[in-house]
1. What about LYS21, is it exposed (fewer than 14 other Cβ atoms within 10 Å of the Cβ) and on the phi > 0 side of the Ramachandran plot?
2. Of a type outside the set (S, T, N, Q), touching a helix residue (DSSP H, G or I) at 6+ places or on another chain (Cβ under 9 Å), exposed (fewer than 14 other Cβ atoms within 10 Å of the Cβ) and not in a strand (DSSP E or B): is that true of GLU63 in this structure?
3. Can you tell which of LEU31, LEU58 is loosely packed, with under 14 Cβ neighbours inside 10 Å, under 17 Å from PHE13 (Cβ atoms) and under 11 Å from the mean Cα position of the chain (by Cα)?
4. Cβ-Cβ distance below 6 Å, separation of 6 or more or different chains: which pairs start in region 55-72 with a residue that is of a type in the set (Val, Ile, Thr) and end on one that is modelled with pLDDT under 80 and assigned to a loop (DSSP other than H, G, I, E, B)?
5. Could you list, in sequence order, the residues of region 3-18 that are part of a strand (DSSP E or B) and open to solvent by less than 70 Å² (accessible area, probe 1.4 Å)?
6. If I ask for residues that are part of a strand (DSSP E or B) and more than 19 Å from VAL2 (Cα to Cα), which ones from region 19-58 would you list?
7. State which residue is farthest from ASN69 (Cα to Cα) when the search covers only region 11-28 and only residues that are under 9 Å from the mean Cα position of the chain (by Cα) and touching a residue at least 24 places away in the same chain (Cβ under 8 Å).
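The values are calculated or read from the model by the stated rules, or taken from the named source; none is laboratory data. Note that the structure is a prediction, hence the values are computed from the model and not measured. Every residue, glycine as well, gets a Cβ built from its backbone with ideal geometry; the counts of neighbours run over all protein chains shown. Only protein heavy atoms, including side chains, enter the accessible area calculation; ligands, DNA and RNA are left aside. Shrake-Rupley method; radii C 1.70, N 1.55, O 1.52, S 1.80 Å.
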Amino acid sequence: CVFSSPELKDIQFIRSNYYDKLEIARFDSNLGKYVGYTEFGVKQANYWNSNPSYIAGLKAQREAYCLNNVGI
C-alpha cells in the first residue's frame, strides 16, 4: 500500500509478482489492471486481466487491506 493521506481515494494498492528476483508483472489499483514488464509477465497480465472477478477482488483489497492499516 502506498499512502499519501488517510483518505481511501489517496491510497494506492500495488501487488507485484516476481520470478527469479525479477518483477514480471504488477497490479496497480489506480490503473485497475495488471501491467507486464517482461514477455512472460505480459502474457500473465493479459491472463489475469481477462478474469473480471479476480480483478474485482484485487480492487477490493485496497479498501479491505490498506484502509485498515493506515495508522500502522
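1. It is true that LYS21 is exposed (fewer than 14 other Cβ atoms within 10 Å of the Cβ) and on the phi > 0 side of the Ramachandran plot.
2. It is true that GLU63 is of a type outside the set (S, T, N, Q), touching a helix residue (DSSP H, G or I) at 6+ places or on another chain (Cβ under 9 Å), exposed (fewer than 14 other Cβ atoms within 10 Å of the Cβ) and not in a strand (DSSP E or B).
3. Being loosely packed, with under 14 Cβ neighbours inside 10 Å, under 17 Å from PHE13 (Cβ atoms) and under 11 Å from the mean Cα position of the chain (by Cα) holds for just one of LEU31, LEU58, which is LEU31.
4. Filtered contacts from region 55-72: VAL70/PRO6.
5. Scanning region 3-18 gives ILE11, GLN12, ILE14, SER16, ASN17.
6. If the condition is that a residue be part of a strand (DSSP E or B) and more than 19 Å from VAL2 (Cα to Cα), then TYR19, LEU22, ILE24, GLY36 are the ones that fit.
7. Step by step, filter region 11-28, then rank; the result is PHE27.
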